[in-house]
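Step one of this worksheet: look at the structure below.
Since every read-out is calculated from the coordinates, none of them should be taken as a lab result. On a predicted model such as this, the values are computed, not experimentally measured, just so you know. Counting neighbours? That spans all protein chains shown, and the Cβs are built from the backbone with ideal geometry, glycine included.
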Amino acid sequence: MTALALLLLFAAPQLPAQQSFAARCAGCHGEDARGSAKAPGLAANPRVAAQSVEQLRAYLERGNPGAGMPSFSDLPAADLLALARYLRRINNDTILPPVKAAEPDRRINWGTPQPGDWRTYNGSDSANRYSALKQITTANVSALKLKWVFPISYFGLETTPLAADGVLYVTGPNQVFALDALTGNPLWHYSRPPSPGMVGDARLGTNRGVALLRDRVFFVTDNAHLLALDRATGKLVWETPMAPDMPGERQHYGGTVAPLIVHDTVIAGVAGADEGIRGFVAAFHAETGALVWRRWTVPRKGEPGIETWQGAEPLTGGGSTWITGSYDAASDTLYWATGNPWPDDNDRDRPGDNLYSNCVLALDARTGDLRWHYQFTPHDVKDRDATEPNVLVDTTYKGKPAKLLLHADRNGFFYVLDRTTGKVLLAKSFLRRDDWASGIGADGRPVVKDPRGCPSDAANWESTAYSPATRLYYFLALEECTGQPTGYPDQTGQRFLRALNIETGAIVWEVPQPGPARAKTWSGVLATAGGLLFYGQPNGGFAAVDQRDGKTLWRFPTNVRMKASPMTFTYRGNQYIAVAAGPNILCFGL
């Protein structure tokens with residue numbers, strides 16, 4: 001603080017509002033109230049401008065210690081009111097969108113979503129990580145520099161940051177952070193201890209992100225509780241267990257998913273099928289947390305699909321729903337992927353197809369009613385979850401306008417479905433070796449040769465992308481065949497960044513990935529209108545290639561394991577790229 005500010009701080013308590021700001025606020029927020037490396041700007045700030053004088057006075061009085069904002073409760077009431085009025089005055093010319101009449105007056109209007117925001121896990125409801133931003137291009141990406149790093153105490157983050165109103169929201173194990181988008185400085189932090197008794201990824205603390213709606217941040221804990229946090233402070237607003245009580249049944253429910261906002265509901269799924277659960281997707285009211293609907297992925301006696309479980313009733317039949325779904329507003333249809341049946345490697349007590357495991361479910365977004373389903377791997381015996389992205393694309397397909405769903409499955413096949421009916425339009429292996437099935441029949445079912453044959457894990461949950469400019473579909477593939485019966489020679493586990501022609505399934509180009517065989521690294525991809533494709537390499541590099549031919553144009557050595565998917569956003573007219581790498585959130589810009 002300046003000498004003048006110190007003098008003012010200890011002067012007579014009755015100070016003019018501007019002098020009070022200089023003494024108490026300028027050290028962090030800047031003398032011109034435009035922000036500094038310590039705290040965001042308060043002038044021309046839509047979040048400040050949207051609040052009344054009384055709301056600002058109350059905030060100054062209580063403070064926000066978690067974000068480094070002290071309480072000014074020691075100030076005389078008149079000084080608090082004057083300071084609040086000063087903050088309102090320096091925001092008089094701030095442009096705000098009109099407040100919807102239906103919204104309660106108490107709610108802060110957080111602004112209309114902007115083209116440069118990234119407000120949902122995949123950037124859009126379509127689950128296509130393709131961004132229209134094009135400030136960073138093939139011509140200038142070589143100048144991309146690291147702008148800031150934010151560390152989180154966790155060995156392998158899988159979160160995708162959300163960006164809105166100059167704030168990034170990221171997650172760690174049972175933690176949510178709000179970060180200043182320009183500096184990476186924390187604004188607030190929510191945390192709770194690990195829950196006892198967790199198994200699988202939930203026990204490890206895996207979490208893939210949050211959802212945003214108005215003044216709330218929504219987050220799923222390790223024990224599958226859905227939380228609503230206050231977006232300004234990070235304080236808990238409500239909490240609800242996602243799973244119902246099931247007396248006498250041991251269910252290993254966990255939570256790792258980033259929720260999805262549809263209408264005024266928060267939709268989320270559960271993890272735990274590798275240990276035994278009855279999977280489901282559920283929608284909760286955003287204001288109260290009350291259950292709106294639930295769609296089970298494993299049927300009980302008397303329910304449709306139970307005929308595909310020809311053994312004992314599948315009380316814990318699996319079918320996890322731990323990857324964020326996609327949504328088509330035009331048809332009000334939600335598309336959600338499901339995981340393996342349980343036990344995944346022992347099918348003695350579960351003859352049949354085992355619906356609705358390893359499926360994409362097309363659901364009525366308002367009721368959860370099933371419109372159609374498609375099962376990629378009936379009667380799975382090799383943990384071939386279908387929990388991969390279901391990318392929704394409207395384009396001309398084989399000469400006709402079409403509404404498509406694109407999906408690269410863990411079983412080694414690339415699928416193009418008509419998303420209005422679930423009909424298979426194309427199904428072709430993207431591997432050089434795919435021994436478990438010789439192809440997909442006209443009825444959409446795989447022609448199985450050996451259910452335990454190759455591949456082991458051809459694709460996975462991290463993001464994929466489709467570019468309307470190149471009409472190519474991008475993802476990371478793994479050529480590997482391990483742990484097979486006698487007669488199946490081992491493969492080295494080579495990874496490839498691949499671009500597929502969606503009309504033929506042909507590999508247009510590929511980039512062999514550096515790093516050790518079977519590296520425990522699997523990163524998603526991000527495509528942009530700047531002609532770029534960003535992704536993480538198995539050896540810890542974060543790279544950008546040309547969408548047209550895969551030529552590497554830029555690379556940054558993170559030197560840590562990358563398991564997350566990148567995103568992009570704009571702030572104050574500049575485009576940035578952010579990604580979780582190991583225990584860090586990295587943000588890059590020109």
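Would you compute, from DSSP H runs of 4+ residues alone, the mean residue ellipticity of the chain at 222 nm, taking -39500 (n - 2.57) per run and dividing by the full residue count, rounded to the nearest 500? About -2000 deg cm²/dmol. Angle of helix 53-62 to the longest C-alpha principal axis of the chain, folded into 0 to 90 degrees and rounded to 10: 80°.
Taking 0.36 nm per residue of separation and subtracting the Cα-Cα distance, full extension of the segment from Ala143 to Asp32 would add 36.8 nm.
Just add up the charged neighbours of Gly254: K/R +1, D/E -1, any other residue whose Cβ is under 14 Å from the Cβ of Gly254. Value of the local net charge: -1.
Each Lys or Arg adds one and each Asp or Glu takes one away; over the other residues whose Cβ falls under 10 Å from the Cβ of Phe569, this sums to 0.
The range 133-188 and the range 241-309 have Cα centres separated by 30 Å. For Arg452 and Ser52, the difference between the fully extended length at 0.36 nm per residue and the C-alpha to C-alpha distance is 137.6 nm. Relative to the Cα centre, the charge distribution of the range 238-387, modelled as +1 at Lys and Arg Cβ and -1 at Asp and Glu Cβ, gives a dipole magnitude of about 140 debye. For the set Lys428/Lys551; Lys235/Lys563; Lys403/Lys423; Lys147/Lys563, the pairs lying more than 18 angstrom apart at their alpha carbons are Lys428/Lys551; Lys235/Lys563; Lys147/Lys563. Shown is the FRET efficiency for Asp230 and Thr395, computed with R0 = 41 Å from the Cβ-Cβ distance and rounded to the nearest 0.05: 0.50.
Pairwise Cα distances in the range 251-342 exceed 24 Å for 23 percent of all pairs. What aspartates and glutamates sit close enough to Lys400 to cross-link, taking a C-alpha to C-alpha distance under 17 Å and skipping anything fewer than 8 places away on the same chain? Answer for Lys400, where 17 Å is the Cα cut-off: Asp418, Glu503, listed by chain and number.
Using C-alpha pairs below 8 Å separated by at least 6 residues, the relative contact order for the range 238-387 is 20 percent. If R0 is 30 Å, the Cβ-Cβ spacing of Gln494 and Ala469 corresponds to a FRET efficiency of close to 0.60. Within the straight-line cut-off of under 22 Å between alpha carbons, none of the lysines are reachable from Lys301, sequence neighbours fewer than 8 places apart in one chain being disregarded.
Taking a straight line from the alpha carbon of Lys145, not one of the aspartates and glutamates sits under 17 Å away once near neighbours fewer than eight places off in the same chain are left out. Once backbone amide H atoms are built at 1.01 Å from N, Ala458 has Gly412 as its partners under 5 Å, excluding neighbours fewer than 5 places away on the same chain. Multiplying the residue separation of Glu303 and Ala290 by 0.36 nm and subtracting their alpha-carbon distance yields 2.2 nm.
Derived scalar couplings between HN and Hα for the range 443-456 equal 7, x, 8, x, 8, 7, 9, 8, x, 9, x, 4, x, 8 Hz in order, rounded to whole Hz, by the Karplus curve 6.51 cos²θ - 1.76 cosθ + 1.60 (θ = phi - 60°), x for Gly and Pro.
Over the range 130-207, Cα pairs under 8 Å with separation of 6+ residues give a relative contact order of 23 percent. Model label points for Ala506 and Asp364, set 7 angstrom from Cα along the Cα-to-Cβ axis, are 4.4 nm apart. In this structure, Gln18 and Glu239 have a Cβ-Cβ separation that, at R0 = 41 Å, corresponds to a calculated FRET efficiency of about 0.45.
Seen against the Cα atoms of the chain and their longest principal axis, helix 77-89 is set at about 60 degrees. Taking 7 Å steps out from each Cα toward its Cβ at Arg62 and Arg250 produces label points 4.3 nm apart. Charging the Cβ of each Asp and Glu at -1 and of each Lys and Arg at +1, and nothing else, the dipole of the chain about its Cα centre rounds to 1260 debye.
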